[in-house]
Amino acid sequence: LAVSLVMCLAMFIKLVVVHEGGSPQGGNKYLRAVSVVVVLLVASIPIAMQVVCTSTMAVGSRRLAEKKVIIARLSAIEELAGMTILCSDKTGTLTKNKLELRPPRMAPNTEMDETAMYFYSALASNKNMQQNDAIDNCICKKVIQLDAPAEALNDPNIDWVRVSQMSKRWNDLSGFKELDFMPFNPTDKRVEVTCLPPADASDKAQQSMFRVTKGAPQVVLRLALEDPNCEYTPEEAEELSRKVTTDIQELADRGFRCLGVAFKDVRE
């Protein structure tokens, strides 16, 4: 440290007193000399590099924050300084700041229609409209929209909790008894719920226990094809797998994200 200070002092004197051409420096010579000496001093003490860099980026982070820029990592400021081209994803989620359900693509020969699929998806979702996540919230709103009064849905300041009380299908969800629930986790990549229909169901065949799973389409498809009661032939299963993979890629290229939903009767 002492040697570094001596060298910096000598450099400061040289920069202040003598110019390269031998004539005294003009202008703001002291400021220029101090800036050069500080750089040399920091470079000569390795442990100071990290402190100086962090302090400099913290000052830059504050200036960016004043321009309403969200800084997640200080190192991002340094990376941004060396950037020449910025490519950003501009999907409907980012531009509108809300999720919407697009028309579903049903598997061939399925017994479930679109309305039933939305209903069963809601059974595998958190139905607390004020605390559920964005995907569950979107699914719950779709179920409410199926039969809620049009005038209530057209209200720009719509209160979904109040409107949900006007939806018969939404109120029917409370009649199903939840026997088991497996929340989403990064390993399984799906949610699973086991339910029992209302005891007063008119169709006795529909009073049996059933299971609904919702999650990554590839995971849900694999569960369906590996089920012992799967009615697809190996050729049909392979064709369905290719179709689902193609649909997922096609929708992904257009900026959409897919969600798979499957239903299984577990009366046995």
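Miscellaneous remarks
- In this structure, the pairs whose alpha-carbon distance is over 18 Å, taken from LYS141/LYS189; LYS67/LYS98; LYS127/LYS168; LYS98/LYS141, are LYS141/LYS189; LYS67/LYS98.
- When the alpha-carbon atoms of region 140-196 are used, the pair Rg, Dmax equals 14.7, 43 angstrom.
- Lysines with Cα under 24 Å of LYS14, excluding same-chain neighbours fewer than 8 positions away: LYS29
Throughout, read-outs are computed from the coordinates displayed, never taken from laboratory work. From a predicted model like this one, the values you see are computed outputs, not experimental measurements.
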